[in-house]
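S.K.: Let me begin by handing over the structure; questions about it come next.
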Amino acid sequence: MRRTTTTRPILALLALAVALATLSAVEARPAPAAASYGSETGVGNAFNIDFSCDKDVKSCKRIEKAVKGAAQRIASEFKFRRTVSEVDGYAYPTQRFPVIHKDDGETYLYPTAVLKQLDFAAIDQGKVKWPAYDVVARFNAQRDWWFADDKAAMRPDQRDLEATALHELLHGLGFGDDTLMSWQLDARAPILLPFYDSTPPSVQPAPEQSESTDRPFNQQVFYRLTQPTIWSRFLVVNGTSVADFVKPIRAAFGAVVAAKKITPTVTSPDNGYSPRAAFDAITADATAYKTMSRLYVLGTRPGNLEFRAGAWPPGSPADKPLTLETGLRPFVRGSSVVHTAVAANATADFIMTYKPSGLSLDKTIAKVKAPKSGIGKATKDAMHAIGYTAAGAKEFKSVAKFAEIDPRALVQGAVKGKAVRDNTVSVAASTTGTAAPVLASTAESAAPTESSSALGLGAGGVAGGISAAALVAFVARRSRKAATEAEDPEYNTLNA
């Protein structure tokens, strides 16, 4: 059922922090909420889970077991070159680094969880300063979760917490991290466009995002349209790469700036503009507006968007495309585009659809004959494409000859700090009974894909809610009547 409140108690704050292994900087991590239960446990050589919880001990241990079970499923399918850190529920990357691809000269944003798995020399040289956490996620304490050790069968109104945690962790690791066709000025307006940067382009990488800091996207200052993420590099809409499809929109903003048709509201260190003025100027361009309208049509009709794992690097095998969700009408931020098409619920790739199967994780796996991990082949292919390595591979994925980290994002000299065990993913988790802001599909949304996930808060691969003050006359709040089951904050996730 769709909830209409703007705050919601939180079940868990799980920080899967992917910490750099050798001589990597270990930032002071935010202190977890006061907890009545805490533990630290490892999951093979992939995850190190630091869990804290303020519920009763029995409930905390059940939650911990479900999260650990999800981490074990991921560790069984992928091996990690360096550790990853995450905080819990709907999920989004806390920071992305600009990486220049040599074949097209374009810059793509890499979530730090992905970057840590790659073989860039600058990483081994200690020139990357990692965030305290790579992913932030959150779970809803109000949800009547089902656990694998429950004696009673899962009811239709329940969700399997381990399945939800698995879904969210994959979002946190980069699945669905879209910045090119997930933004709407108004939930009722039939146009889609890229996110826009609210941090100066000369500041690289954009500062780490946390619950106490501003998001790097879609805030009160419009510096430029956001660059594509590594996930976006593989997206093809109606036969055209999404990055190419949105070029007329970028060109329109560039022309407006070049002709000085809008006046900067910020001039240091870079020119920044009023979001409303920027959007007024872009939408006034007939070609750009037609492109945004066409993108909306394609984003709300089944079968138009695919993730093609063979798109990069050059010479990659052309695996079977993964069809993404474009069947929701109207478009639902947090559900549309950033998930696998719901038809996959009948296949081994069910785990990343926006809508749960209605069965427990293990029963769904048995029904669709999926791998024991619950992660189907096409889903794994997508994760391999963005940078992860299959658990059984002899060598880690190598992209160093095809790309390089933007030098502006590197620190001079080696980063000093306590060395962290390699191939471990640190997970800090905590629970609280206090209310926390809900990242829903409203003008104040903080997550880019905010149709709140199974966790209870629309998780977005990229967090970015435009402030109501900035676009008070431009962005309208979605009416309750317009809410659909697809937007149910009880299920959706990371750019969920």
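S.K.: Go through the range 192-205 and count every residue that is surrounded by fewer than 23 Cβ atoms within 10 Å (Cβ to Cβ) and in contact (Cβ under 8 Å) with a residue 40 or more places away in the chain.
M.R.: Keep residues of the range 192-205 that are surrounded by fewer than 23 Cβ atoms within 10 Å (Cβ to Cβ), which gives 199-204.
Cutting the leftovers down to in contact (Cβ under 8 Å) with a residue 40 or more places away in the chain gives us 200-204.
Counting residues in the range 192-205 that are surrounded by fewer than 23 Cβ atoms within 10 Å (Cβ to Cβ) and in contact (Cβ under 8 Å) with a residue 40 or more places away in the chain gives 5.
S.K.: Run down Ala348, Ala311, Ala344, Ala318 and say which single residue is in contact with a strand residue (DSSP E or B) (Cβ under 6 Å, 6 or more places away or on another chain) and of a type in the set (A, V, I, L, M).
M.R.: Numbers: Ala348 fails: in contact with a strand residue (DSSP E or B) (Cβ under 6 Å, 6 or more places away or on another chain); Ala311 fails: in contact with a strand residue (DSSP E or B) (Cβ under 6 Å, 6 or more places away or on another chain); Ala318 fails: in contact with a strand residue (DSSP E or B) (Cβ under 6 Å, 6 or more places away or on another chain).
Only one candidate qualifies: Ala344.
S.K.: Under 9 Å between Cβ atoms, at least 6 apart or on separate chains: pull out the pairs that start in the range 394-412 with a residue that is open to solvent by 50 Å² or more (accessible area, probe 1.4 Å) and end on any residue that is part of a helix (DSSP H, G or I) and aliphatic (A, V, I, L, M).
M.R.: These pairs meet every condition: Glu404/Ala121; Glu404/Ala122; Pro407/Ala122.
S.K.: Still on this structure: Check whether at least one residue in the range 170-186 is in contact (Cβ under 8 Å) with a residue 60 or more places away in the chain and open to solvent by 20 Å² or more (accessible area, probe 1.4 Å), and report yes or no. Break it down stepwise before answering.
M.R.: Within the range 170-186, the first condition is being in contact (Cβ under 8 Å) with a residue 60 or more places away in the chain, and the residues that meet it are 170-186.
Right, trim to open to solvent by 20 Å² or more (accessible area, probe 1.4 Å) and you get 186.
Yes, the range 170-186 contains a residue that is in contact (Cβ under 8 Å) with a residue 60 or more places away in the chain and open to solvent by 20 Å² or more (accessible area, probe 1.4 Å).
S.K.: For the range 190-303, give me every one of the helices (runs of 4 or more DSSP H) that falls completely inside it and has 1 or more residues that are among the hydroxyl-bearing types (Ser, Thr, Tyr) and more than 30 Å from Val342 (Cα to Cα).
M.R.: Working: elements: 242-245, 247-258, 275-283, 286-299.
Those helices (runs of 4 or more DSSP H) span 275-283, 286-299.
S.K.: Could you list, in sequence order, all residues of the range 158-169 that are open to solvent by 10 Å² or more (accessible area, probe 1.4 Å) and among the hydrophobic types (A, V, I, L, M, F, W, C)?
M.R.: Residue satisfying the conditions is Ala163 alone.
Residues checked against (1) of a type in the set (Gly, Ala, Ser); (2) more than 14 Å from the chain's Cα centre (by Cα):
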{"residue": "His167", "(1), (2)": "no, no"}
{"residue": "Leu170", "(1), (2)": "no, no"}
{"residue": "Ala187", "(1), (2)": "yes, yes"}
{"residue": "Pro194", "(1), (2)": "no, yes"}
{"residue": "Ser198", "(1), (2)": "yes, yes"}
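S.K.: Same structure again: Quick check on the range 297-310. Is at least one of its residues aromatic (Phe, Trp, Tyr), over 26 Å from Trp231 (Cα atoms) and touching a residue at least 24 places away in the same chain (Cβ under 8 Å)? Lay out the reasoning, then the answer.
M.R.: Our first condition is that a residue be aromatic (Phe, Trp, Tyr); within the range 297-310, this holds for 307.
Restricting the remaining residues to those that are over 26 Å from Trp231 (Cα atoms) gives none.
Within the range 297-310, not a single residue is aromatic (Phe, Trp, Tyr), over 26 Å from Trp231 (Cα atoms) and touching a residue at least 24 places away in the same chain (Cβ under 8 Å).
S.K.: Report whether or not Asp362 is touching an Asp or Glu at 6+ places or on another chain (Cβ under 7 Å), open to solvent by 10 Å² or more (accessible area, probe 1.4 Å) and either at pLDDT below 95 or not basic (Lys, Arg) (or both).
M.R.: When the stated conditions are applied, Asp362 does not pass them.
S.K.: Kindly evaluate Gly299 against the criterion of being more than 23 Å from Trp145 (Cα to Cα) and either touching a strand residue (DSSP E or B) at 6+ places or on another chain (Cβ under 8 Å) or surrounded by fewer than 23 Cβ atoms within 10 Å (Cβ to Cβ) (or both).
M.R.: Details: more than 23 Å from Trp145 (Cα to Cα): yes; either touching a strand residue (DSSP E or B) at 6+ places or on another chain (Cβ under 8 Å) or surrounded by fewer than 23 Cβ atoms within 10 Å (Cβ to Cβ) (or both): yes.
Answer is yes for this residue.
S.K.: Here is a follow-up. Looking at (1) within 26 Å of Pro407 (Cβ to Cβ); (2) modelled with pLDDT of 95 or more; (3) aromatic (Phe, Trp, Tyr), can you tell me which one Tyr296 breaks?
M.R.: (1)
S.K.: Within the range 313-334, work out how many residues are without any contact (Cβ under 8 Å) to a residue 24 or more places away in the chain and either open to solvent by less than 40 Å² (accessible area, probe 1.4 Å) or of a type in the set (A, V, I, L, M, F, W, C) (or both).
M.R.: Of all residues in the range 313-334, those without any contact (Cβ under 8 Å) to a residue 24 or more places away in the chain come to 315, 317-318, 323.
This time we only want the ones that are either open to solvent by less than 40 Å² (accessible area, probe 1.4 Å) or of a type in the set (A, V, I, L, M, F, W, C) (or both), so: 318.
Matching residues across the range 313-334 total 1.
S.K.: Follow-up question, since we're still on this one. Kindly check whether there is at least one residue in the range 121-138 that is open to solvent by 20 Å² or more (accessible area, probe 1.4 Å), in a loop (DSSP other than H, G, I, E, B), among the polar types (S, T, N, Q) and in contact (Cβ under 8 Å) with a residue 24 or more places away in the chain.
M.R.: Yes, there is a match, as at least one residue in the range 121-138 is open to solvent by 20 Å² or more (accessible area, probe 1.4 Å), in a loop (DSSP other than H, G, I, E, B), among the polar types (S, T, N, Q) and in contact (Cβ under 8 Å) with a residue 24 or more places away in the chain.
Quick grid of which residues meet (1) in contact with a helix residue (DSSP H, G or I) (Cβ under 6 Å, 6 or more places away or on another chain); (2) assigned to a helix (DSSP H, G or I):
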residue	(1), (2)
Val338	no, no
Pro356	no, no
Ala366	no, yes
Gly374	yes, no
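S.K.: So Lys151 clears everything in (1) buried (at least 23 other Cβ atoms within 10 Å of the Cβ); (2) of a type outside the set (Gly, Ala, Ser); (3) more than 30 Å from Arg294 (Cα to Cα) except one condition, right? Which one?
M.R.: Result: Lys151 passes all but (1).
S.K.: To continue, here is another question. Please find, within the range 207-218, the residue that is farthest from Phe279 (Cα to Cα) out of those that are crowded, with 21+ Cβ neighbours inside 10 Å and out of contact with any strand residue (DSSP E or B) (no Cβ under 7 Å at 6 or more places or on another chain). Lay out the reasoning, then the answer.
M.R.: In the first step, residues of the range 207-218 are kept if they are crowded, with 21+ Cβ neighbours inside 10 Å; the result is 209, 215-218.
Within this subset, residues satisfying the condition of being out of contact with any strand residue (DSSP E or B) (no Cβ under 7 Å at 6 or more places or on another chain) are 209, 215.
Details: Gln209: 24, Arg215: 19 Å.
Out of the qualifying residues, it is Gln209.
S.K.: Further question: Regarding the range 335-355, can at least one residue be identified that is on the phi > 0 side of the Ramachandran plot, at pLDDT 95 or above and open to solvent by less than 20 Å² (accessible area, probe 1.4 Å)?
M.R.: Start the filter on the range 335-355 by keeping residues that are on the phi > 0 side of the Ramachandran plot, which leaves 337.
Within this subset, residues satisfying the condition of being at pLDDT 95 or above are 337.
In the following step, the residues that additionally are open to solvent by less than 20 Å² (accessible area, probe 1.4 Å) were identified as 337.
Within the range 335-355 (the criterion being on the phi > 0 side of the Ramachandran plot, at pLDDT 95 or above and open to solvent by less than 20 Å² (accessible area, probe 1.4 Å)), the answer is yes, since at least one residue qualifies.
S.K.: Might you check whether a residue that is in a loop (DSSP other than H, G, I, E, B) and touching a Pro at 6+ places or on another chain (Cβ under 6 Å) occurs anywhere in the range 307-325?
M.R.: Our first condition is that a residue be in a loop (DSSP other than H, G, I, E, B); within the range 307-325, this holds for 308, 312-321, 325.
With the extra rule that they be touching a Pro at 6+ places or on another chain (Cβ under 6 Å), the set shrinks to 308.
Yes - at least one qualifying residue is present in the range 307-325.
S.K.: Based on this model, can you work out whether Gly310 counts as open to solvent by 20 Å² or more (accessible area, probe 1.4 Å) and at negative phi? Write out each step before concluding.
M.R.: Details: open to solvent by 20 Å² or more (accessible area, probe 1.4 Å): yes; at negative phi: yes.
Judged against the criteria, Gly310 is a match.
S.K.: Can you pull out every residue in the range 42-58 that is open to solvent by 30 Å² or more (accessible area, probe 1.4 Å) and modelled with pLDDT under 85? Lay out the reasoning, then the answer.
M.R.: Going through the range 42-58, the residues open to solvent by 30 Å² or more (accessible area, probe 1.4 Å) turn out to be 42, 44-45, 48, 50, 54-58.
Across the range 42-58, the qualifying residues are Gly42, Gly44, Asn45, Asn48, Asp50, Asp54, Lys55, Asp56, Val57.
S.K.: To continue, here is another question. From the list Gly374, Gly358, which one is among the small types (Gly, Ala, Ser), on the phi > 0 side of the Ramachandran plot, touching a Lys or Arg at 6+ places or on another chain (Cβ under 8 Å) and touching a residue at least 12 places away in the same chain (Cβ under 8 Å)?
M.R.: Working: Gly358 fails: touching a Lys or Arg at 6+ places or on another chain (Cβ under 8 Å).
Unique residue meeting the criteria: Gly374.
S.K.: Next question, about the same structure. I'm trying to understand the selection: among the residues of the range 221-276, which are over 27 Å from the mean Cα position of the chain (by Cα), among the hydrophobic types (A, V, I, L, M, F, W, C) and surrounded by fewer than 17 Cβ atoms within 10 Å (Cβ to Cβ)?
M.R.: Ala255, Val257, Ala258, Ala259, Val266
The values are calculated or read from the model by the stated rules, or taken from the named source; none is laboratory data. All values derive from a computational prediction rather than experimental measurement. No Cβ is skipped: glycine too gets one built from the backbone with ideal geometry, and neighbour counts run over all protein chains shown. Heads up: the accessible areas ignore ligands, DNA and RNA and are worked out on the full protein's heavy atoms, side chains in. Shrake-Rupley method; radii C 1.70, N 1.55, O 1.52, S 1.80 Å.
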